[in-house]
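Below is one structure, written out as structure tokens; the observations come after it.
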Amino acid sequence: MAAFTDEEERLFGTADNAPWLLASRLREMGARHEHGAPYQAFTIQDANLFTGQNPASSAPMADAINTALAAG
């Protein structure tokens with residue numbers, strides 16, 4: 001899955017005050033976290049699970065969902 005990365009948390013300035021970082025926690029819990037460049041669009045589709053790395057991923061993820069729905 002894709003989600004906000006530890007690097008993005010650090011760049012945004014929230015990492016030092018966070019009790020945990022999302023990407024690290026996902027990996028600790030057994031998820032396969034994939035990512036692209038910081039603050040760039042990056043989406044992953046695994047069957048019916050669609051995830052995006054950050055807000056920049058919203059439009060590409062919506063396109064992927066619409067394409068999957070149209071394919072039926």
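Measuring only protein heavy atoms, the 1.4 Å probe finds residue 61 accessible over about 50 Å². Each residue of region 31-39 is assigned a 3J(HN,Hα), and the resulting list reads 6, 9, 8, 10, 8, x, 5, x, 6 Hz, derived from the Karplus form 6.51 cos²θ - 1.76 cosθ + 1.60 (θ = phi - 60°), x at Gly and Pro. Net charge near residue 38: determine it from the other residues with C-beta under 11 Å of the C-beta of residue 38, scoring Lys and Arg +1 and Asp and Glu -1. Around residue 38, the charge tally is -3.
Summed over qualifying helices (DSSP H, 4 residues or more, each -39500 (n - 2.57)) and divided by its residue number, the chain shows a 222 nm mean residue ellipticity of -11000 deg cm²/dmol. Rolling a 1.4 Å probe across all protein chains gives residue 4 an accessible area of roughly 40 Å². Working note: Cα atoms of the chain, range along each principal axis, descending, whole Å: 44, 24, 16.
Local charge for residue 19 was computed over the other residues whose Cβ lies under 14 Å away, with Lys and Arg +1 and Asp and Glu -1, and equals -3.
Heavy-atom surface analysis with a 1.4 Å probe gives the chain a carbon and sulfur content of 56 percent of its accessible area.
Other residues with beta-carbon under 11 Å from the beta-carbon of residue 53 carry, at +1 per Lys or Arg and -1 per Asp or Glu, a net charge of -3. Distances between placed amide hydrogens fall under 5 Å for residue 35 paired with no residue 5 or more residues away or on another chain. Per-residue SASA remark: residue 6, around 20 Å² accessible (1.4 Å probe; ligands, DNA and RNA not included).
Against the chain, whose longest principal axis comes from its Cα atoms, helix 58-71 is set at around 30 degrees. Rolling a 1.4 Å probe over the heavy atoms of the protein chains gives the chain an accessible area of 67 Å² per residue.
How far, in nm, would the chain grow between residue 48 and residue 69 when pulled straight, counting 0.36 nm per residue and subtracting the alpha carbon separation?
Working: separation 21, 0.36 × 21 = 7.56 nm, distance 1.00 nm.
Full extension of this stretch gives 6.6 nm more.
The values are calculated or read from the model by the stated rules, or taken from the named source; none is laboratory data. Values in this document were obtained by computation on a predicted structure and should not be read as measured data. When we count neighbours, we look across all protein chains shown, and the Cβ atoms used for this are built from the backbone with ideal geometry, even at glycine. We work out accessible area using only protein heavy atoms, side chains counted, and drop any ligands, DNA or RNA first. Shrake-Rupley method; radii C 1.70, N 1.55, O 1.52, S 1.80 Å.
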